[in-house]
Amino acid sequence: MEQKQQGKQSVKFANPPVISGHASIVGQKEGEGPYGSYFDIIEEDPKAGGETWEEAEGNLQERAAKLAISKSGLSQEDIRYLVAGDLLGQLMASSFGLMTLQKPFFGVYGACSTMGESISLAAMMIDGGYADHVLALTSSHFASAEKQFRFPLAYSNQRPKAATWTVTGSGGVVLSAAGREKTKSQVVVKGITTGKILDYGIKDTMNMGACMAPAAGDAIAVHFSDFQTKPQDYDKIITGDLGKVGKDILIDLLDAKGYDIRKQYMDCGIEIYDEEQQVQAGGSGCGCSAVMLAGFILQKLAKGEWKRVLFVPTGALLSVVSFNEGNSIPGIAHAVLLEHVSSK
């Protein structure tokens, strides 16, 4: 049997899970950006039919989950586990939003890296034979994140250039065991590299890119080492939400390790909005990488326009308590290796 453990932090799946369905739902601002046509649903109501911002985010998750299942050709009864998380205290968007599905639930937290963590755990369940179908998803909402981590919206504070704009949206993917999928999916999860928590002592909550870039650089470099690959072996290397500041730091860090990723690199946070939308350094939040994956990246892979993508959601591990107590902001990143497979 092929060795599944690769190097120090990675797994290469013996039976790569298939992405059999995926769905993305975003807010109006995201729908007005350059990738608006790729998203399944653009929700114009900021509260998504709810009474509060938190309820709105839960509603986005519920709708994304049900749509992803529907697009996979499966029913809710076919789903063995849900693996999901969000930025809110006690994962309330996920727990309240997904309650109606009545499926076994793993709540996870990786800050804005949560989509990478959710897919990683779901893929290990599938490859290990513990489930045939697992739904991985996450979400974020501009207003719920601002309310929890920064200022009330009515405060109307000025944002520095390093600040990012939390994406309103939810993205979900259904992972299935090969041969058990009901759609003709052509994208598999070939492997994962689980990131470490790194803390460079940064305390600026308005500069998330600087907090997360070291963890992203470490995860990418370890992935190359564990899989014995180099940047040119990938069509794209895509981070979650480093933004313009974090992008430059990441490139410098990898240059120092001997890896030049400039030709392959893109960042979901930089891509999701236009310059004219005035979002400073770019987009952020769990939903940023999730909707770009479910709405754009997987379409490029399914069509064969990209053959191999390293998807690296990034997260800043702060809480309201840790920040108010003067702690620095650690970062983490999880890498997911996605590949196009030819139809038989």
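Taking the criterion of being surrounded by 15 or more Cβ atoms within 10 Å (Cβ to Cβ) and not hydrophobic (A, V, I, L, M, F, W, C), the residues of segment 329-344 that qualify are Pro330, Gly331, His334, Glu339, His340.
Pairs are defined by a Cβ separation below 8 Å, a sequence spacing of at least 6 or placement on different chains, a first member in segment 159-178 that is more than 17 Å from Ile42 (Cβ to Cβ), and a second member that is at pLDDT 90 or above and of a type in the set (Asp, Glu); the pairs so defined are Thr164/Asp241; Ser176/Asp132; Ala177/Asp132. The sole residue among Phe13, Phe39 that is in contact with an Asp or Glu (Cβ under 9 Å, 6 or more places away or on another chain), buried (at least 22 other Cβ atoms within 10 Å of the Cβ) and of a type outside the set (A, V, I, L, M) is Phe39. Where strands (runs of 3 or more DSSP E) fall entirely within segment 1-120, those with at least 3 residues that are closer than 20 Å to Val134 by Cα and outside the structural domain of Val312 (by TED's automatic domain parsing) are at 18-27, 81-85, 105-107.
Screening Thr168 on (1) over 24 Å from Leu82 (Cα atoms); (2) under 18 Å from the mean Cα position of the chain (by Cα) shows it passes everything except condition (1).
The values are calculated or read from the model by the stated rules, or taken from the named source; none is laboratory data. On a predicted model such as this, the values are computed, not experimentally measured, just so you know. Every residue, glycine among them, receives a Cβ derived from its backbone with ideal geometry; neighbour counts consider all protein chains shown.
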